[in-house]
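Visitor: There's a structure below that I have some questions on.
Coordinate-derived values only; no laboratory data. The structure displayed is predicted, hence computed values, not measured ones. Please note: Cβ atoms are built from the backbone with ideal geometry, for glycine as well, and neighbour counts cover all protein chains shown.
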């Protein structure tokens with residue numbers, strides 16, 4: 001246990017330290033400090049004209065339409081195209097729609113197994129490309145938001161920002177990580193599956209492929225879509241403790257750096273430290289809960305002659321160490337990554353609640369760029385509530401928050417539970433959901449709840465017992481992912497656009513400081529009340545009911 | 001329209017750099033520096049490919065160490081876990097069958113990893129305890145001393161990451177290859 005706690009502290013603490021210089025670098029990058037690179041990027045996409053929030057949003061949507069359209073076409077025609085050594089056939093159109101939506105929105109929900117569905121061209125040219133540019137889209141949106149809040153006259157240029165994020169942040173880190181995990185044993189080949197004759201004379205066919213390149217950006221870009229079906233529990237996707245370490249650090253480092261980047265662009269690093277502290281506190285609570293719950297043994301074996309001194313091993317890999325299950329589950333849902341290092345469906349019931357809570361809150365560092373944007377909504381809400389409590393006009397960094405802004409904040413915040421709970425209710429009441437369950441009773445309800453939480457949080461992990469490659473699931477979660485991606489990006493940009501149009505007031509002694517612990521506590525409470533009250537009834541029907549009735 | 005053209009140019013330049021350039025660089029690096037791992041860590045014995053060092057394969061003969069159970073029957077083209085809740089009676093039934101195969105009893109309980117399926121269904125390792133648990137059966141089936149089998153296990157067992165993951169584990173395929181070597 002002591003070794004486990006030490007390992008967690010070293011991994012998370014070390015990543016916090018590394019995120020600081022990275023955030024500093026990203027802030028410099030998005031402030032235009034690298035003029036020669038910017039010049040090159042401007043040539044590539046034709047200009048750097050400054051955009052207001054509407055123009056920036058239109059540019060973002062236009063590029064995302066190109067992303068979706070290109071990859072939809074590529075996936076739908078993969079059986080006619082080259083780089084398909086294992087002769088993967090045509091995929092159903094509803095699966096193609098779901099997958100294209102899933103990777104465009106940085107979700108990477110996967111209703112398929114990569115090794116038996118997509119060609120290498122589809123994986124690299126379609127899905128991996130989206131893993132780069134969807135992550136870059138999120139970072140770009142955060143940079144634009146921060147510029148607006150920070151008082152700059154324009155939000156920047158979307159096409160320039162995407163290239164900065166993709167080429168100067170994601171690409172170098174991905175090259176580093178891909179090389180490291182290739183050394184650890186992740187395959188990188190264009191050869192098709194290997195056929196071997198086992199020691200007992202049977203034939204085993206072993207899928208392989210260009211996994212190292214794919215896995216690296218999957219981890220770094222809060223994408224989470226695995227090259228192989230079971231993601232980073234697959235030995236070829238995560239062959240050793242050391243590859244696991246590198247993959248976990250890279251899962252959380254850029255989301256952490258995004259907070260520092262935000263603080264530097266708005267020129268309020270202390271405010272960023274308060275936000276970072278709130279996120280870190282939420283993360284610590286979730287980690288403590290998950291590690292504790294998962295140390296309980298597998299209930300199904302308690303009456304049997306089984307040595308149960310090692311916690312719950314179902315769905316876990318020995319080489320990754322006992323701590324990986326709960327730690328990865330928390331990190332991957334705190335951020336919107338969604339890759340897995342253990343099977344979430346087989347976590348103990350209350351452990352399974354922790355990743356769900358992560359996706360419900362969806363801003364404990366969160367997705368690249370968008371996690372901090374989600375947090376901005378809570379910050380605005382907290383500033384508003386705090387202002388009301390002391391009877392002053394609510395302000396945030398000198399921006400007056402009024403009715404129009406609050407309506408938009410509430411719209412963006414309410415959409416999240418509405419999509420999750422509405423979708424869950426629909427599928428829990430109809431054969432669309434009921435006929436696809438891998439477990440019965442309360443755990444079956446958890447599978448549905450998890451799937452919609454994952455889609456709405458743009459997370460992409462799953463309770464994989466669910467038979468989710470059906471037209472109903474593919475279309476429903478595809479739509480949820482698209483709404484849940486673009487609404488919480490565009491609406492905050494609109495809010496900031498509205499704030500930018502107003503005259504900024506000077507902060508006085510009477511203004512609530514957003515740089516102190518008081519605001520931190522306020523923010524923490526607003527998040528907990530909003531998250532806990534909204535989702536507690538659903539949690540009680542799923543994981544809590546299962547724990548109370550079945551765990552002894 | 002004013003956004004479509006830059007979007008297409010952005011598509012082109014990101015595709016060239018992040019897909020073609022990036023993949024080629026990683027491919028070149030991996031194939032040049034670690035060709036064995038880059039091609040799936042395929043192990044050869046007597047000139048034929050017998051498996052991947054990283055992928056579990058099924059062993060049923062009492063002469064060999066048995067791996068952890070696999071929810072996908074060790075299918076290298078369709079990996080996956082059981083995805084059953086740890087409270088599921090189906091896990092109990094699966095465990096009972098394995099317990100019977102290992103002849104485990106209350107006095108000699110079986111290590112948990114031998115009855116719990118891994119996440120990908122292809123975990124190449126078992127715990128040190130899980131290997132030692134099978135030593136007597138293998139010694140009897142091969143007509144060799146159990147101490148010899150235990151010595152082999154001890155020689156192969158490694159901890160995944162020293163002080164950070166002190167539990168020792170054994171690679172089943174490599175251990176079974178070493179067993180066959182012993183016989184020759």
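Visitor: Round to the nearest 10 and give me the degree value, 0 to 90, for the angle of helix A:93-104's Cα axis relative to the longest principal axis of chain A.
Guide: The helix A:93-104 is inclined about 50 degrees to chain A.
Visitor: Give the order of A:461, A:179, A:134, A:92 when sorted by the count of other beta carbons within 10 angstrom, beginning with the fewest.
Guide: A:92, A:179, A:134, A:461
Visitor: A follow-up question, please. Measure nothing fancy, just the Cα-based angle from helix B:172-183's long axis to the longest principal axis of chain B, in degrees from 0 to 90, nearest 10.
Guide: That works out to roughly 50 degrees.
Visitor: Helix-only estimate, please: 222 nm mean residue ellipticity of chain A, summing -39500 (n - 2.57) across DSSP H runs of length 4 or more and dividing by its residues, to the nearest 500.
Guide: Roughly -20000 deg cm²/dmol at 222 nm, from the helical runs in chain A.
Visitor: Could you list the square roots of 5 times each eigenvalue of the Cα gyration tensor of the range A:102-163, that is, the equivalent ellipsoid semi-axes, sorted largest first and rounded to whole Å?
Guide: Semi-axes, largest first: 32, 11, 5 Å.
Visitor: Another question, if that's okay. Helix B:89-102 against the longest principal axis of chain B: what's the angle in degrees, Cα atoms only, rounded to the nearest 10?
Guide: 50 degrees
Visitor: Continuing with this model, one more query. Normalising by the residue count of chain A, find the relative contact order in percent from Cα pairs under 8 Å and 6+ residues apart.
Guide: Relative contact order, chain A: 18 percent.
Visitor: Per residue of chain B, what 222 nm ellipticity follows from adding -39500 (n - 2.57) for every DSSP H run with n ≥ 4, rounded to the nearest 500?
Guide: -12000 deg cm²/dmol
Visitor: How high is the relative contact order of the range B:23-92, given as a whole-number percent (alpha carbon pairs under 8 Å, six or more residues apart)?
Guide: Contact order relative to length: 14 percent.
Visitor: Among A:168, B:18, A:258, what is the fewest-to-most ranking by other Cβ atoms within 10 Å?
Guide: A:168, B:18, A:258
Visitor: So which residue, out of B:152, B:27, B:114, gets the largest mean-square fluctuation from a GNM of chain B using Cα contacts under 10 Å as springs?
Guide: Greatest mean-square fluctuation among the candidates belongs to B:27.
Visitor: Taking 1 over the mean of 1/r across every pair of different Cα atoms in the range A:368-550, what Kirkwood radius in Å do you get?
Guide: When all Cα pairs of the range A:368-550 are included, the Kirkwood radius is 18.2 Å.
Visitor: On to the next question. For chain B, set up a Gaussian network in which alpha carbons nearer than 10 Å are linked by springs, and say which option among B:53, B:134, B:31 fluctuates the most.
Guide: So, out of B:53, B:134, B:31, the one fluctuating most is B:31.
Visitor: May I pose another question? Count, for each residue of A:274-286, the Cβ atoms from other chains sitting within 10 Å of its Cβ, then give me the mean as a whole number.
Guide: The shielding value for this peptide is 0.
Visitor: Follow-up. Can you tell me which of A:260-270, A:400-410, A:380-390 comes out highest on packing, and rank the rest after it, using the mean Cβ neighbours within 10 Å?
Guide: My ranking of the peptides, most packed first, is A:260-270, A:380-390, A:400-410.
Visitor: Looking at the square roots a ≥ b ≥ c of the eigenvalues of the Cα gyration tensor of the range A:215-326, which shape do they give, rounded for a/c under 1.5, prolate if a/b is larger than b/c, or oblate?
Guide: Oblate shape, in that a/c is at least 1.5 and b/c is the bigger or equal ratio.
Visitor: Taking only C-alpha pairs under 8 Å that are 6+ residues apart, what is the relative contact order of the range B:41-183 in percent?
Guide: Relative contact order for the range B:41-183 comes out at 26 percent.
Visitor: Over all residues in B:51-60, what is the mean tally of Cβ atoms on other chains that come within 10 Å of each residue's Cβ?
Guide: The mean count of partner-chain Cβ atoms within 10 Å per residue comes to 6.
Visitor: From the square roots a ≥ b ≥ c of the eigenvalues of the alpha-carbon gyration tensor of the range A:1-97, which class results: rounded (a/c under 1.5), prolate (a/b over b/c), or oblate?
Guide: Since a/c reaches 1.5 but b/c is at least a/b, the shape of the range A:1-97 is classed as oblate.
Visitor: Which number comes out as Rg/Rh for the range B:84-148 once both Rg and the Kirkwood Rh are worked out on C-alpha atoms?
Guide: Checking Rg against Rh, the ratio lands at 1.02.
Visitor: With just the Cα atoms of the protein assembly as shown, tell me how far they stretch along each of the three principal axes, in Å, largest first.
Guide: Extents along the principal axes: 89, 53, 48 Å.
Visitor: With springs only between Cα atoms under 10 Å apart, run a GNM on chain B and tell me which of B:26, B:13, B:34 wobbles the most.
Guide: In this elastic network of chain B, the residue with the biggest mean-square fluctuation among B:26, B:13, B:34 is B:13.
Visitor: With only alpha-carbon atoms in the gyration tensor, what are the semi-axes of the equivalent ellipsoid for chain B, in Å, largest first?
Guide: One finds semi-axes of 42, 23, 14 Å for chain B.
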